[in-house]
1. Take the residues in region A:37-92 that are open to solvent by less than 30 Å² (accessible area, probe 1.4 Å) and polar (S, T, N, Q); name whichever of them is farthest from residue A:108 (Cα to Cα).
2. Just for region B:53-64: of the residues that are touching a helix residue (DSSP H, G or I) at 6+ places or on another chain (Cβ under 6 Å) and not acidic (Asp, Glu), which one is least open to solvent (accessible area, probe 1.4 Å)?
3. Tell me, which residue of region A:182-197 that is part of a helix (DSSP H, G or I), among the hydrophobic types (A, V, I, L, M, F, W, C) and open to solvent by 60 Å² or more (accessible area, probe 1.4 Å) is nearest to residue A:252 (Cα to Cα)?
4. Does residue A:333 satisfy the criteria of being closer than 19 Å to residue A:244 by Cα and in a helix (DSSP H, G or I)?
5. Scan region A:293-305 for residues that are open to solvent by 20 Å² or more (accessible area, probe 1.4 Å) and free of Cβ contacts under 8 Å to residues at least 40 places away in the same chain and jot them down.
6. For the structure I just gave you, tell me whether residue A:349 is closer than 20 Å to residue A:67 by Cα and either surrounded by 12 or more Cβ atoms within 10 Å (Cβ to Cβ) or touching a Lys or Arg at 6+ places or on another chain (Cβ under 9 Å) (or both).
7. Please determine whether any residue of region A:275-292 is surrounded by 21 or more Cβ atoms within 10 Å (Cβ to Cβ) and in contact with a strand residue (DSSP E or B) (Cβ under 7 Å, 6 or more places away or on another chain).
8. Report yes if residue A:261 is more than 14 Å from chain B (Cβ to nearest Cβ) and closer than 15 Å to residue B:96 by Cα, otherwise no.
Amino acid sequence: MSALIKHTPLPDRPPPSSQTGIVHWAKQHLFSSTTNSLLTLASFYVLFLLVPPLVNWALLSATLEGTDRSACEANGGGACWTFIKIRFNQIMFGLYYGSHPEQIWRPVLAFFMLIGLVAPLFIERFSYKGLLAGFILLIFPFIAFALIHGAWLGLPVAETNEWGGFMLTFILSIVGIIAALPLGILLALGRRSELPVVRSFCVFFIELWRGTPLITVLFMASVLLPLFFPSGVDLDKVLRALIGITLFQSAYTAEAIRGGLQAIPKGQFEAADALGLAYWEKMTFIILPQALKISIPGIVNTFIELFKDTTLVSIIGLLDLLNMSQTAAQSAEWRGYDTEAYIFAAFIFWIFCYGMSRYSQNLETKLDRGHKN
Amino acid sequence: MTKHSDHSIEISGLNKWYGDFHVLKDIDLNVSMGERIVICGPSGSGKSTLIRCLNHLEEHQEGTIIVDGVELNNDVKNIEKVRREVGMVFQHFNLFPHLTVLENCTLAPIWVRKTPKKDAQAEAMEYLERVRIPEQANKYPGQLSGGQQQRVAIARSLCMKPRIMLFDEPTSALDPEMISEVLDVMTDLAKTGMTMMVVTHEMGFAKQVADRVIFMDYGEIVEQAAPDEFFNNPKHERTQLFLSQILAH
């Protein structure tokens, strides 16, 4: 028997050609067995039944022209997007701005200011992130409020109870989400604290809100909250909703973050301790950055839920995107076009929820440093 | 407590329990400045627990521990004071995975020692050179091999300019071919006169570097001697058994 000694490694070879190409893919994924082939064909059949009529209704025979229902009635059959077009301002910006289209630049300006301010936070090399974030969190809300509410610089007043539509949905959820995040972090840390009083308080607080439906919270915010203020102080309805939503949301955010905290190996805490880092340094630089990364999917989940749950503010008389669409469809001129209203509202909700979900996936990939422990 | 001595570490009457389990029993041990001590013993003998008591990662229930003139009790101020002067290297490295190698090394000097960022970075680079991986400074720990990660961990501790270094089985989690690169760094460090307490099963390292070898079993110190004496003429039968097991292969 001769000794086997190799002096040069074998060169890499491409995979056999039968393993690539579209026919191979279809064979492997669509028709790999009799059952799978039948399922594939059945799925195609269902799609064939559903998609063409839907496309026909929503696009091909839909109406977009004209300014009133007569255009839609003349066309018949398809969707009446004319209704959405005419009532677009009302559905997106609420009653006040719906009837004062010349003022719509105010919320639009606030929206783009927010985007303009947030954008630099995503530039890796931008070095004043902390300062800018502080400005967005502490000062921008007042600017935005002043713009949208008016009553200064001669801007006509848009009372908050006339805010509505997508604008209200957006304000309620973005403020709820952002205000709940720091609160949620503190609650999560408190729940894992070694101080028994702090821990008990946080557990009580979290479980209180988690055990209560948002509808109840909104009711309480609208009925109970005023009792805590001296009579004569009329707390704004939108502000009351915001307080309720923020407290409610903070409990869910806290639980998502607690999951992340629990996943951090003990060695990370010990290494930070051994280096002499104090509690807040340890949490800020070592533990939270890792824990928040792990909790991103959970946090985004609660964000998406909140975004959709804001529809419940109708219970205290606020008209968000969904309720405003409904209201528009119940007006005398457009009675009977509820389907269009619901589909439009659902579409807007879907765009934002899907966007958030995609963004969280990107963030996870970006933050992944390829480590396991 | 203010009694002056040239002892870096003074341990007397130390007892510790995990629930009912008596993990450290009547430990008395003094470590001089610059002394290098290797602690060995079977697993579960309390050797890791002992050195983890020295920077209060574990709390002891009885006895006194004085590190660098500061008594370790429940006073957080004292604990922080001790931790600033005592570096620790762990079995599983425990590098911060979301920070680069350089950031791992500069974080504590910047926040605990209040060193300006530029100086902290320059010092960190010096220590990274001493552990022979300056070229990895901007990588993340996940991109390094185990041996490299452990050397970064040593550099990270040294950046705090500690007076005492604790090593908790620093090579146990490493692939065999990476053990020597870590031991070499530790041998270099010993030459600088650092006070070192090393829990390890690397008997070659003990012979070469240690001033004193301590054998622990069942939570007590069974035998301690200079390496020559310890390896060639172990007194206690438990030591003899342990050595025969560990040196057999």
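1. A:37
2. B:55
3. A:183
4. no
5. The answer is A:294, and nothing else.
6. no
7. No; the residues of region A:275-292 include none that is surrounded by 21 or more Cβ atoms within 10 Å (Cβ to Cβ) and in contact with a strand residue (DSSP E or B) (Cβ under 7 Å, 6 or more places away or on another chain).
8. So residue A:261 fits the description; yes.
The values are calculated or read from the model by the stated rules, or taken from the named source; none is laboratory data. A quick note: this is a predicted structure, and the numbers were derived from the prediction, not measured. Backbone-built Cβ (ideal geometry, glycine too); neighbour counts: all protein chains shown. The protein model used for the area step is the full one, side chains on, heavy atoms only, and it has no ligands, DNA or RNA in it. Shrake-Rupley method; radii C 1.70, N 1.55, O 1.52, S 1.80 Å.
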